[in-house]
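Notes for the one structure printed next.
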Amino acid sequence: MKLTVPTWLTLLRIVLIPVLVAVFYMPSQWTNFASAFVFILAAVTDWLDGWIARRFHQYSAFGAFLDPVADKLMVAVALFLIVQGHPTPWMAFWAAVIVGREIAVSALREWMAELGQRATVKVAAIGKIKTIAQMVALSCLLYAINPRHPLQPGTDIWMGETVFHIGDWLLGAAALLTLWSGLAYLRAAWPVLRAAERSAVDSTRAGGKMRGSTRE
């Protein structure tokens, strides 16, 4: 298996996940800056590997599989850190909405791929807007939240409170956009899913009739 430059960037994004966790919990004043920097670096590699793949046609099956996995892992880990660092009901709710939607859409895409209809649930414009809002929100929250002061985010760093409120509102907006885009994916896939269900029911009925005629 040949590793392309985009695949190496995707692997770097996965390597950055434990780095993010370690930096987030370090007992130092600069960890907020470092946490946000690591996450922003991961987001940049996400954009960069896609641009390189399109620009230089460096596509691979392994890269296509690994890229969304790396994205979801990074986002999920960042959300877990934020909820642990600022354990409020709303923060936990937004995180649950985003992670739950990612699991549901991943399952939907896998099912559609088995039916040969994966293109039906391709990324839409609303999904791209959601991703931008989500990345900015998580960067702001990682900068503002300190696990040593869980209920006082942003109090000990420059513009921390302002950045926290920006991230908090953007995360709520990203969660709502997440639900919207998830419903859009489901609506696009629904006709195919219904057709597949009808086909399965018809096949079962036909098989039952054939077995019945055999017994006769």
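The values are calculated or read from the model by the stated rules, or taken from the named source; none is laboratory data. Everything quoted here is computed from the prediction, not taken from an experiment. Virtual Cβ from ideal backbone geometry, glycine too; neighbours counted across all protein chains shown.
For the reader, a short list of remarks on this structure follows.
- Among (1) in a helix (DSSP H, G or I); (2) modelled with pLDDT under 95, the one test that residue 17 misses: (2)
- Candidates 77, 69 - the one that is assigned to a helix (DSSP H, G or I) and out of contact with any helix residue (DSSP H, G or I) (no Cβ under 6 Å at 6 or more places or on another chain): 69
- Output for the range 127-176, where each listed residue is in contact with a Ser or Thr (Cβ under 9 Å, 6 or more places away or on another chain), part of a loop (DSSP other than H, G, I, E, B), free of Cβ contacts under 8 Å to residues at least 24 places away in the same chain and surrounded by fewer than 20 Cβ atoms within 10 Å (Cβ to Cβ): 149
- Among the residues of the range 164-185, those identified as over 25 Å from residue 111 (Cα atoms) and out of contact with any Phe, Trp or Tyr (no Cβ under 9 Å at 6 or more places or on another chain) are 165, 166, 169, 170, 173.
- Unmet criterion (only one of (1) part of a helix (DSSP H, G or I); (2) free of Cβ contacts under 8 Å to residues at least 60 places away in the same chain; (3) touching a helix residue (DSSP H, G or I) at 6+ places or on another chain (Cβ under 8 Å); (4) of a type in the set (A, V, I, L, M, F, W, C)) for residue 103: (3)
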